[in-house]
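Participant: The following block contains the structure, expressed as structure tokens.
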Amino acid sequence: MALRASTVESRFEALHPSGLTALVGRGEETELLLRRWSRAKGGEGQVVLISGEAGIGKSRLTATVLESLAREPHTRLRYFCSPQHTDSAFYPIIGQMERAAGLLHDDTPQQKLDKLDALLAQTSTSIQDATLIAEMLSLQNDGRYPTLELTPQQRRQKTLEALTTQIEILSRQNPVLMIFEDAHWADPTSFEAFGRLADRIRTHRVLLLVTFRPEFDAPWVGLPYVTALTINRLAEHEVGGMIDRIVGNRPLSASLRQDIVERTDGIPLFVEEMTKAVLEAGSETAAQRAIAAVPSPALAVPASLHASLMARLDRLGGPAKELAQIAAAIGREFPHALLASVARQPEAELRSALDRLIAAGLLFQRGVPPHATYLFKHALVQDAAYGTLLREPRRTLHVRIAETIESEFAESAESRPELLARHWTEAGQVEKATALWGKAGLRSAQRSALVEATEQLRRALDLLATLPGTPARRREEIKLQVALITPFLHVRGYAAPETRAAVERARLLIEQAEALGEPPEDPLLLFSVLYGMWVANLVAFNGDVMRELAVQFLALAEKQSATGPLMLGHRLMGLSLLHTGNIADGRAHLDRAFTLYDYAEHRPLATRFGQDIGAATLCWRSLAFWLLGYLEAALADTEHALAVAREIGHSATLMYVLNFSAWTHIHCGNYAAATAMIDEFSALKDQTGSLFWAAWGMMQRGCVLALTDKVSDAVQTITSGVTAMRSTGTTMWMPLWLSYLARANAEIGQFDAATRYIGETMTAVDDSGGSG
């Protein structure tokens with residue numbers, strides 16, 4: 001995932017001051033983690049999932065492990081997710097790598113590349129992987145790296161593979177301790193990267209600790225090398241012990257102690273903060289007032305912390321409180337240079353205020369100013385400081401932050417437009433925020449960060465809807481709404497309600513614009529909408545509507561000079577005829593589509609329409625050949641389609657081709673070949689998180705099981721697949737799957753169930769108009 005700066009410890013020093021981790025007695029949990037570390041050192045890679053509510057001490061537990069291993073040779077890597085960056089691809093990984101390489105804001109582009117090269121040299125990284133990592137970090141290539149001709153999806157997949165390779169190499173040099181903090185805030189791409197690593201960790205000297213809140217649905221549970229650990233609230237005697245360790249020799253009355261115990265409700269962070277607030281009050285009366293201001297535990301627990309922190313910030317004085325507010329608006333982690341530029345204070349005053357916040361334990365510092373970086377002790381501390389800002393001062397502050405980033409951190413503004421978009425959004429500057437969210441969404445889509453793209457594009461569209469209706473706004477809305485369709489196709493599924501709604505909205509916007517005499521300048525926008533409508537009706541199997549949309553698409557394409565739309569139009573027409581029983585004419589259109597196909601010219605269409613058109617056309621022509629009785633031609637087309645998909649390296653295309661080629665092999669009785677394709681398909685579809693593709697995988701495997709005398713497993717697998725597929729709104733091929741399910745039930749003697757499924761099959765055939 002990233003590299004270390006030295007063998008024993010990374011440049012990211014332990015964030016907790018010496019001795020602080022001893023405040024909470026988590027001896028049993030610490031011992032468990034150290035036992036897992038011993039296994040990992042021996043070559044049995046381990047994953048520990050650490051769950052607990054906010055403030056319970058998850059990060060403190062990991063810091064205790066870091067302290068325990070401080071004298072032991074190993075590589076440590078820490079990744080911090082952020083609630084402000086849940087849709088910023090690779091955010092925690094980029095942060096870790098920038099720290100490990102020691103990249104500084106005022107480094108020249110060449111210096112940054114030199115530092116990255118020095119870091120990557122530790123693992124003898126290939127020049128291709130170095131190129132991908134430099135691109136991930138948005139570093140300017142000065143010619144030292146080759147230009148990689150890759151599709152966005154291929155670039156994304158190869159980057160994920162390069163990051164996993166780095167960890168594997170590091171683990172051969174020294175045992176690796178990885179800490180992935182606050183996974184509930186992870187961006188989808190980073191989460192996929194850690195998912196890949198967790199799947200391959202078992203044979204490497206790696207211990208991966210993943211912390212998250214209880215509402216997060218953690219994967220990997222149940223695997224033999226994965227341990228789930230839940231951190232519970234402290235018992236009353238444990239809270240008392242923690243208070244004693246904080247108070248030391250200073251006096252604290254029994255009544256104050258009991259108030260702290262009752263109001264902190266066993267949450268270690270709250271115990272610590274309220275005890276410090278009482279100690280800082282200066283007198284028994286002031287301490288009682290501080291405690292009285294804290295809500296009872298019957299209310300939301302963060303309110304208790306908020307009140308306590310408010311009192312502590314007020315006592316620290318105006319400059320420190322103001323600086324905490326500025327820092328909280330920037331984010332949980334922030335560089336000294338950005339803070340100084342936004343704060344606009346003399347350096348001596350700035351450092352004095354920072355020292356007070358650090359001494360109070362509210363901030364942690366890494367490095368030395370002006371190259372230092374700071375981190376709020378806990379996200380709840382940042383929230384409390386941010387919550388002290390009134391609406392207008394908050395907006396003004398976000399304007400200053402955004403303007404500073406644009407003027408003094410232009411490289412970050414360009415490489416991560418979503419970071420700047422957040423500040424303009426909070427500043428209430430809708431037009432600027434909209435443009436940046438749109439830019440971020442299109443950029444994410446181009447890089448195949450599809451989940452992030454959907455969120456960013458939706459934010460842009462939501463903001464855009466609040467602006468006055470002008471021709472420019474309507475053009476931008478159409479562009480962004482159409483851009484939203486392709487990520488939804490992959491992430492939600494072709495017939496999912498969200499996908500259909502996105503398509504219908506785009507169609508409506510185009511019709512409204514045309515009525516106003518403002519047709520889209522890009523003709524492919526309309527083709528994208530028609531394609532989205534067509535494919536939704538294909539998988540939901542509305543045969544008449546599907547054919548009519550294909551006719552419209554082809555008629556419109558014939559009026560264009562470009563061959564791309566015409567090729568796609570013949571493909572749509574071919575599939576529509578094939579699925580409604582006109583197989584020979586359908587094959588003729590597929591022949592025409594493939595004749596028009598030119599890889600170099602049409603490769604970019606894969607990003608807009610989901611798959612490479614040529615490879616997808618071959619898949620369906622192979623099915624047409626099989627239906628017409630030409631088995632050798634059918635199998636030849638599947639091999640050709642796979643060769644094209646592998647050559648272009650577009651994982652969405654390869655997944656699509658494997659899926660539909662497997663069906664041809666199933667129909668031809670080549671069950672071993674089909675199983676190999678299903679296995680490869682399953683590895684790819686797991687990376688998408690798409691229930692649509694997961695359902696296809698279950699169907700494929702279930703049908704092979706039914707045909708190879710593993711009928712009990714077939715019944716369970718196909719039943720799960722039918723349920724999953726129906727949940728996505730897909731009825732395409734449902735009669736086929738139900739017939740396999742009926743057959744499997746009959747073979748195990750479940751004749752009532754078999755009869756029921758035969759009835760469902762006939763109903764599905766009638767509903768589909770006799771085909772599908």
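Participant: Once you treat every alpha carbon in the chain as an equal point and sum by Debye, what is log10 I(q)/I(0) at q = 0.05, 0.06, 0.09, 0.11 Å⁻¹?
Facilitator: Listed by q, the Debye log ratios stand at -0.31, -0.45, -0.95, -1.27.
Participant: For segment 642-737, what class follows from the C-alpha gyration tensor (a ≥ b ≥ c being the square roots of its eigenvalues): rounded when a/c is under 1.5, otherwise prolate if a/b is larger than b/c, else oblate? Don't skip to the end; give the middle numbers.
Facilitator: Numbers: a/c = 1.94, a/b = 1.25, b/c = 1.55.
The shape class here is oblate.
Participant: Here's something else I'd like to know. Normalising by the residue count of segment 666-741, find the relative contact order in percent from Cα pairs under 8 Å and 6+ residues apart. Before the final figure, lay out each step's value.
Facilitator: On the way: 70 pairs, mean separation 21.1, N = 76.
Relative contact order, segment 666-741: 28 percent.
Participant: Output ³J(HN,Hα) for segment 629-644: one whole-Hz value per residue in order, computed from phi by the Karplus curve 6.51 cos²θ - 1.76 cosθ + 1.60 with θ = phi - 60°, and x for Gly and Pro.
Facilitator: Those phi angles translate into x, 9, 5, 5, 5, 4, 5, 5, 5, 5, 5, 5, 4, 5, 5, 5 Hz.
Participant: Distance cut-off 29 Å, Cα to Cα: go down the list Lys115/Lys432; Lys439/Lys685; Lys58/Lys115; Lys58/Lys439 and report the pairs above it.
Facilitator: On the way: Lys115/Lys432 34 Å; Lys439/Lys685 27 Å; Lys58/Lys115 33 Å; Lys58/Lys439 36 Å.
Over 29 Å apart, Cα to Cα: Lys115/Lys432; Lys58/Lys115; Lys58/Lys439.
Participant: For Lys710, Lys276, give the ranking by accessible area with the largest first, probe 1.4 Å. Spell out each step's value before the answer.
Facilitator: Details: Lys710 110, Lys276 40 Å².
Result, largest first: Lys710, Lys276.
Participant: If each DSSP helix of 4+ residues adds -39,500 (n - 2.57) and the sum is divided by the residues in the chain, what number results at 222 nm, nearest 500 deg cm²/dmol? Present the calculation step by step, with values, prior to reporting the outcome.
Facilitator: Working: 37 runs with 508 residues, N = 772.
When only DSSP H runs of four or more count, the value is -21000 deg cm²/dmol.
Participant: Sticking with this one: Counting Lys and Arg as +1 and Asp and Glu as -1, each charge on the Cβ, what is the dipole of the chain about the Cα centre in debye, to the nearest 20?
Facilitator: On the way: 76 positive and 88 negative charges, 220 e Å.
Rounded to the nearest 20 debye, it is 1060 debye.
Participant: Between the alpha-carbon centers of segment 550-591 and segment 29-67, tell me the distance in whole angstrom.
Facilitator: Segment 550-591 and segment 29-67 have Cα centres separated by 57 Å.
Participant: Run the numbers on the chain and let me know its relative contact order in percent, using alpha-carbon pairs under 8 Å that are six or more apart.
Facilitator: On the way: 1216 pairs, mean separation 72.4, N = 772.
Rounded, it is 9 percent for the chain.
Participant: Enumerate the lysines that Lys559 could reach by cross-link, defined here as Cα to Cα under 30 Å, with residues fewer than 8 away along the same chain left out.
Facilitator: List returned: Lys479.
Participant: Just to make sure I understand: if all protein chains stay in place, what is the order of Val503, Val491 by accessible area at 1.4 Å, largest first?
Facilitator: Highest to lowest solvent-accessible surface, that is Val491, Val503.
Participant: Please work out the C-alpha center-to-center distance from segment 156-204 to segment 307-349 and express it in whole Å.
Facilitator: Comparing the Cα centres of segment 156-204 and segment 307-349, I get a distance of 34 Å.
Participant: How big is the gap, in Å, between the Cα center of segment 82-127 and the Cα center of segment 453-506?
Facilitator: 33 Å
Participant: Find, among the trypsin sites (Lys or Arg not before Pro) in segment 36-83, those assigned to loop by DSSP (not H, G, I, E, B) with at most 16 other beta-carbon atoms within 10 angstrom. Present the calculation step by step, with values, prior to reporting the outcome.
Facilitator: On the way: sites: Arg36, Arg39, Lys41, Lys58, Arg60, Arg71, Arg76, Arg78; in loops: Arg71.
Within segment 36-83, the qualifying trypsin sites (Lys or Arg not before Pro) (loop, at most 16 other Cβ atoms within 10 Å) are Arg71.
The values are calculated or read from the model by the stated rules, or taken from the named source; none is laboratory data. For clarity, every value in this text was computed on a predicted model and none was experimentally measured. All Cβ positions, glycine included, derive from the backbone under ideal geometry; neighbour counts span all protein chains shown. Calculation scope for accessible area: heavy atoms of the full protein, side chains included, ligands and nucleic acids excluded. Shrake-Rupley method; radii C 1.70, N 1.55, O 1.52, S 1.80 Å.
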